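Report on one structure; see the data block that follows.
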Amino acid sequence: MEKKQYTSPIAEEFAYEMRRQTRKAKIINYAPVGVLAFFFALLSAIAPGFLSLYNFRTILNQLSVPLVMTMGLTFVILLGCTDLSGEGLGGFCGCLVTLLVINTKNANDFGAPAFLIAICCGLAVGLFSGFIHVKGKIPSFMVTYAISSIMSGFAVMSYRGQPAMAKDPLLTKITSGSVLGIPYLTVASLLVFVAAFFLQNYTRFGAYVMAIGDNEAVARNTGVNVDRIKMKVFIWAGFCIGVSGVISAIRVARGDVGLGKDTVFPAITAVVVGGTTLTGGKGGVVNSLVGALIVTIINNGLILMGVNMYIRSALQGVIIIIAVALSVNRGKKVIVK
Amino acid sequence: MKKIKSWSLIFALVTMAVCGAAMAFAAEPVTIAVSIRSMSSEYHMQYVAGAQAFVDTLPEGAAKVQILPCEADDNKQINDIKTLVASNSNVVILVDPNNAPNVTSIAEACEEAGVYWVSFWNTPEGITPLSYKYWVHHQTLDGEAQGYDIAVSLFKSFKTPGKGKILVMEGMMANTANEERVKGLKRALAEYPDIEILDDQSANWDTNEGLALMETWLAKYDDIDGVWSASDGMSLGVVQALKAVGLEGKVGVTGVDGFKDAIDAVGAGTMTNSYVNNGWLQGGYAAAWAYAAYTGKIKVDELDAGHRMFFTEGYLVTKDTYPDYIKNFVDNPPVYDYSNLDFCIKGPMPQ
């Protein structure tokens with residue numbers, strides 16, 4: 001009791017406020033895990049067939065594309081930018097794979113290096129988007145949206161109206177194989193996750209991304225080469241889009257431009273639902289893994305419950321709005337544009 | 001003398017100019033413009049190939065094919081057509097209206113410019129070629145018959161023919177083609193009471209979505225005899241999902257459109273059937289009709305309703321008809337006799 005006399009009311013108020021803030025931050029941090037657990041329990045109870053080993057394998061299979069896409073987008077969104085090039089670029093990389101392995105359109109037989117070539121294309125286009133965005137000072141959503149459109153055009157031109165069907169037995173081996181019950185493609189996407197985790201937590205690059213997202217001017221003043229970091233982020237995003245395009249192509253075995261269709265919006269949903277804020281600087285790849293799982297199990301569960309696909313996509317929209325509403329800081333000083 | 005000289009010079013120049021213009025006019029080929037959704041669609045490219053096949057039967061230089069892809073954009077389609085008819089009256093147009101409401105704008109633009117045109121697939125209810133002079137005809141396939149035929153062929157292929165459990169994968173909701181095909185399925189179901197529907201959902205005509213939907217269904221149902229899918233695009237995704245669990249060929253899968261890959265799958269036994277739209281026939285005869293109207297060989301306003309709105313014939317490819325299809329459509333692409341314009345008419349569309 002005596003001690004209390006020596007602490008000033010201001011210091012006490014400050015300490016109280018700090019504790020409150022930390023508690024709030026902790027709740028916000030763990031909220032996505034709670035949401036995941038909630039949906040998991042709910043769907044286990046009401047969606048027939050959800051709680052089965054076979055369905056877990058299905059979920060893991062369906063997780064691969066959104067997870068990889070999300071890993072790329074997380075870094076971009078941490079910067080406070082956006083990358084919408086996934087639809088066109090992912091479609092293009094996918095088409096490219098089917099045209100390079102044994103297929104119904106030409107005599108190519110590159111085997112596994114075909115995947116590498118397609119991923120490198122994604123990487124190169126990512127570099128290009130980053131370069132235009134940074135050097136041209138054009139908003140990232142505009143640049144990447146345009147790039148998506150350009151790459152869709154290239155994708156269609158690559159197969160001239162008649163998509164290639166991949167006939168390489170390698171693809172069937174990949175889609176039907178698994179390690180410890182985890183499908184190969186999911187293993188590949190988890191490897192991308194591990195790489196992203198490493199990049200974010202154990203490299204200077206990761207720290208700089210956070211710093212730029214939090215406050216670009218401060219980061220610039222402290223000597224961070226902001227432009228270079230931004231370009232690197234877009235290269236990484238291009239890489240991830242390339243990988244997701246390749247995974248889609250392996251899964252479908254058909255190089256249609258539609259491969260990339262409807263991959264970007266679910267990925268952005270996953271990033272935001274996971275707790276990464278669209279304004280940048282907060283969140284990270286673990287959040288996005290949780291977000292991708294949430295989006296995937298909801299979609300899977302709704303199909304099992306026989307919910308119409310249009311309602312599914314509407315629900316996705318509702319979820320994104322709720323997630324953003326919960327994650328943004330709506331203090332009096334914040335200006336919303 | 002000088003006067004005669006200059007007059008004869010002028011005369012010579014005018015004659016040359018007139019002859020030149022006449023020659024230029026005669027040499028200018030008729031443009032057969034084909035306005036389609038996208039060059040990425042295999043079916044639409046068949047349609048273009050059909051129009052080209054018709055052009056190839058004409059004397060050289062008489063006509064040429066020009067593709068106007070609208071990339072699923074209503075405004076682009078209308079603008080492209082308006083620009084074309086404004087700059088060139090030496091043209092006929094074959095249109096797959098991106099959306100039914102586009103038809104009225106296209107019809108009015110062509111009517112005003114006096115350009116003959118043919119539509120396929122989409123037309124809004126109540127708007128028919130009969131009220132227009134330059135709208136030669138509207139042709140489409142009988143979607144209900146397609147849905148019915150693929151369903152019956154699927155049901156008959158089951159272990160106990162006519163008895164089994166099926167999943168229904170629909171295309172885009174509220175799309176005319178999808179609704180008609182589903183109507184056909186329902187008619188077939190009424191005739192086969194022992195067929196049970198396990199689930200019915202849409203995969204939006206998309207291969208990826210077809211794959212994901214089938215994967216999830218496989219987690220829920222383990223006793224599936226067949227999948228009634230409304231288009232080849234989705235069916236190919238279904239086949240992939242089945243392949244990943246070693247069920248390809250054991251579960252029947254239907255399709256419509258006649259994609260090359262789907263036909264191959266029917267040949268390989270991983271799909272039960274695919275209903276070929278026969279774009280070659282549609283495109284070839286659409287071009288032939290429009291060209292005949294342009295050259296005055298037929299008088300559009302004298303044609304009866306059955307010649308202005310009709311169904312064309314498709315082809316159901318099953319394991320049994322597959323060799324025949326490969327022989328008559330793939331190895332020897334169909335050669336049609338375009339002098340008999342009625343050949344493509346399967347029957348009149350109900351008014």
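So here's what we get for this one:
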quantity	calculated
Tail weight of P(r) past 47 Å, computed on alpha-carbon pairs of the protein assembly as shown, percent	29 percent
Protein heavy-atom accessible area occluded, B/A pair - total, 1.4 Å probe, Å²	2900 Å²
Residue-normalised accessible area of the protein assembly as shown, expressed per residue, 1.4 Å probe, Å²	46 Å²
Antiparallel bridge percentage (DSSP; both residues within the protein assembly as shown; nearest 5)	20 percent
Exercise: per-residue mean of other protein chain Cβ atoms within 10 Å, A:299-311	4
More than 26 Å apart - percent of Cα-Cα pairs taken over chain B	54 percent
Per-residue average of Cβ from other chains inside 10 Å of B:200-210	5
Nearest-ten-degree value, helix B:74-87 long axis tilted from longest Cα axis of chain B	20 degrees
Compactness of region B:215-328, expressed as Rg and Dmax over alpha-carbon positions, Å	19.2, 62
Cα-based reach from A:Lys167 at 18 Å (exclusive), listing aspartates and glutamates while leaving out same-chain residues under 8 positions away	A:Asp109, A:Asp256, B:Asp232, B:Glu248, B:Asp261, B:Asp264
Within the accessible area of region B:144-276 (1.4 Å probe), percent carbon and sulfur	49 percent
Pairwise Cα inverse-distance average, inverted: Kirkwood Rh of region B:259-311 (Å)	13.7 Å
Kirkwood-based shape ratio for region B:144-276, expressed as Rg/Rh from alpha carbons	0.92
Rg(Cα)/(2.2 N^0.38 Å) for chain A, N = residue count	1.09
Cα-based Rg / Dmax (Å) for region B:110-198	18.2, 59
0 to 90° range, to nearest 10: angle between helix B:42-56 axis and chain B longest Cα axis	40 degrees
Peptide-level mean, for B:239-245, of C-beta atoms on other protein chains within 10 Å	5
Mean-position separation - Cα centroids, region B:93-118 and region B:321-345, in angstrom	28 Å
Cleavage-rule hits, trypsin sites (Lys or Arg not before Pro), region A:115-192, DSSP coil, Cβ neighbours within 10 Å at most 13	A:Lys137, A:Arg160
Between 0 and 90°, nearest 10: helix A:285-304 axis offset from chain A longest Cα axis	60 degrees
Normalised per residue, the volume of the convex hull around the Cα set of region A:29-131 (Å³)	154 Å³
Which listed pairs, of A:Lys24/A:Lys282; B:Lys133/B:Lys297; B:Lys64/B:Lys299; B:Lys163/B:Lys260; B:Lys163/B:Lys186, have C-alpha distances above 20 Å, in listed order	B:Lys64/B:Lys299; B:Lys163/B:Lys260
Kirkwood Rh, angstrom, region A:195-329 [1 / mean 1/r, Cα pairs]	16.7 Å
For region B:36-75 versus region A:124-184, the gap between their alpha-carbon centres in whole angstrom	29 Å
Burial order of peptide ranges B:95-106, A:296-307 (average beta-carbon count within 10 Å, highest first)	A:296-307, B:95-106
Cut-off of 10 Å, at most 10 other beta carbons, DSSP loop: longest stretch of chain B lacking such trypsin sites (Lys or Arg not before Pro)	B:1-158
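The values are calculated or read from the model by the stated rules, or taken from the named source; none is laboratory data. Please read these numbers as outputs of a predicted model, since none were measured by experiment. Positions of Cβ are generated from backbone atoms using ideal geometry, with glycine treated the same way; all protein chains shown enter the neighbour counts. Note: areas computed on protein heavy atoms with side chains; ligands, DNA, RNA excluded. Shrake-Rupley method; radii C 1.70, N 1.55, O 1.52, S 1.80 Å.
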